[in-house]
Amino acid sequence: MSLASHLEELQRKHGDVERQLDEAMNHPSMDDLQIVALKRRKLALKDEIEKLRVDPTQH
């Protein structure tokens, strides 16, 4: 997988998690632990994207 396609995939996943998080936060019955897990996943994806942008050799 090329670096560009890997970055695109990570960005897509980040967007998916962001949408899931928005939906979860709009449902008062959603478990707080699930929301925290989604936030952590979103942050982890963002961190991975930034690492690859700064140092593409880590691919």
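For the chain, a simple Cβ point-charge model (Lys and Arg +1, Asp and Glu -1, everything else neutral) yields a dipole of about 100 debye relative to the Cα centre. The C-alpha atoms of the chain define a longest principal axis, and helix 3-25 lies at about 10 degrees to it.
Spacing of the modelled spin labels on Glu9 and Val54, each 7 Å from Cα toward Cβ, amounts to 2.3 nm. Which whole-number percent of Cα pairs in the range 7-58 have a distance greater than 18 Å? Here the long-distance tail beyond 18 Å is 37 percent of all Cα pairs in the range 7-58. Between Gln11, Gln20, Gln34, the residue with the greatest mean-square fluctuation in the GNM of the chain (Cα pairs under 10 Å linked by springs) is Gln34.
Let me check against my output: what whole-number percent is the relative contact order of the chain, with C-alpha pairs under 8 Å and at least 6 apart? If you can, show how the numbers build up before the last one.
Values: 29 pairs, mean separation 26.4, N = 59.
Relative contact order here is 45 percent.
Laboratory data are not the source of any read-out in this text; all were calculated from the coordinates shown. This one's a predicted model, so the numbers in the text were calculated from it and none came from an experiment. Cβ coordinates were reconstructed from backbone atoms using ideal geometry, including for glycine residues, and neighbour counts include every protein chain displayed.
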